[in-house]
1. Classify region 120-182: rounded, prolate or oblate, from the alpha-carbon gyration tensor (a ≥ b ≥ c, eigenvalue square roots; a/c under 1.5 rounded; otherwise prolate if a/b is larger than b/c)?
2. Using the per-residue mean of other Cβ atoms lying within 10 Å as a proxy for protection, in what order, highest first, do the peptides 472-481, 541-550 fall?
3. So if I take the centroid of the Cα atoms in region 584-625 and the same for region 1-47, what is the distance between those two points in Å?
4. Can you give the relative contact order of region 349-434 as a percent, counting alpha carbon pairs under 8 Å and 6+ residues apart?
5. Which of 614, 49 comes first, and how do the rest follow, when ranked by fewest Cβ neighbours within 10 Å?
6. Kindly rank 153-164, 291-302 from highest to lowest mean number of other beta carbons found within 10 Å of each residue.
7. According to the square roots a ≥ b ≥ c of the eigenvalues of the Cα gyration tensor, what is the shape class of region 458-564, taking rounded for a/c under 1.5, prolate for a/b larger than b/c otherwise, and oblate for the remainder?
8. Taking a ≥ b ≥ c as the square roots of the eigenvalues of the Cα gyration tensor of region 371-449, is the shape rounded (a/c under 1.5), prolate (a/b larger than b/c) or oblate?
Ligand code: CP
């Protein structure tokens, strides 16, 4: 039985097959291949196009439709779970078409349905059938998808149509330019997937080239196999800037894909910052005479009605294609009812907690948090060791997060994750012994005890750390061109605390606090945000043209810094980024050199350097310690000494 939850559930060849069926929609209408079949539409969120075009498509195929006009008038209002709803309705129909406001809800329903389920949009996650319509429209207008350059504009963070579309464009070899409204950039998990699965890379480009058409701030150019060079630099100088600009020069823009601000998904109401718009200026630009304008609709005020009357405004055609494309998809799925989709060969491993309590997805809108009863806690493991981190991805909503604590179910010991454990973790995963915890408390509550590590040596005490931070702050002020344009950005968690102290030092010296934020590499919310206590009404941190100081506690391989830089440059091109670390371990795999280091401590991979700060993890005083890692296997041979440290403390 085939479901279509993500655009990844269809191969390129299958998408082409669906398009060929859509080309022959008149024949399908005559043949009535769905005669006697019933489609149920379950829309927990409003819809005009998706719902009505699916219903029209089913009727044109000779089938019939059952529906609930308003899901609030269904037994959902009495507390029925989505799992039970899927089980029941799938016994009344041959296919379910579901839209839901939770990310991953349609996947959860598919796991409980006896018939194929089609995702008509789940939260901010995906909208694969809209993407089929978008690709079909582009193909009709431009002939082929490979090599096209599509500018996606607006709310790229919450717009589910965008997420499915950029994956599909990447698969068909198109280039993507992203033009996000400030604070609504493409989420990190989407970018990671583009990089990992589709071998795409980002390069920020100047938006000057687009400014006549779209009033926006910065653009990013996404293309296959471009070197991801920018992330290797901590300072944007003129040479790098010229290289960045060259990515965009000569670009031919084939389509602008505009989206509305998804106000309904914004926690604190809509962000009132500038939003890109398309209007008469666009129509007057000669360069865009062959650039079509698309929009999944509904539009609000980001797309002027003037464009409706222009030959390039093709969004109503795009909406009309919804019927033949969805007729084709339904026919495609009915033909494959008995077929089990061959499992795609995955480069990732699956993880399900062997303990009753396990890690939780960090996306607050994920179905696993909203309705745990209808889901199982399944994750994919994206990286063990390769980037110095252990990353879990939620199978429902695709969000990723970093693991801090791991344990072994047999020995009931836990450890704070470190790269030196990568091999051991791989073994535990194979034997089903790997337990992953969200916190030290969770491990302890499940009866786990800490592993031991080698004896520690103090490297810096409280006074050393204070002195180092004072010096770093002085150097920052000395080097910066305009202190009013400084932004101190800490890498969460210890880096954020150090960033606060550096900002406080600068405030003492200048009488004015610099803007302060933190960057979270594997979180599910905003990757860059203001540090509390920030004014709740303050606009998102804007890094464009700012002098950014990135702060972290320890630099070792340089991969964390590389990832942080990559996020910074995507969210708004700063004038410069300089790096401040308390400890430079001098063993870099990535050529990133800190501009300011509190102390240089060459150390081997087996050594673990920890910066312990007052107020973080219940430390009573600031100190930096070094100790060697005793892996769980080594420990079995040689028990740890009595004065050994407890892990994670
Ligand atoms: N494009 C789209 O999904 O429109 P509806 O919300 O009207 O279904």
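1. Details: a/c = 2.18, a/b = 1.33, b/c = 1.64.
Here region 120-182 falls in the oblate category.
2. Details: 472-481: 16.6, 541-550: 21.8.
Going from most to least packed, we get 541-550, 472-481.
3. 55
4. On the way: 132 pairs, mean separation 21.8, N = 86.
Relative contact order here is 25 percent.
5. Values: 614 14, 49 20.
By the 10 Å Cβ count, ascending: 614, 49.
6. On the way: 153-164: 25.6, 291-302: 19.1.
The most tightly packed comes first, giving 153-164, 291-302.
7. Numbers: a/c = 1.58, a/b = 1.10, b/c = 1.43.
It comes out oblate by the Cα gyration axes.
8. Numbers: a/c = 1.65, a/b = 1.13, b/c = 1.45.
Oblate shape, in that a/c is at least 1.5 and b/c is the bigger or equal ratio.
Read-outs: derived from the displayed coordinates by stated rules, not from any lab. As the structure is a computational prediction, the values presented were derived from the model and not from experiment. Ideal geometry is used to build each Cβ from the backbone, glycine not excepted, and the neighbour counts take in all protein chains shown.
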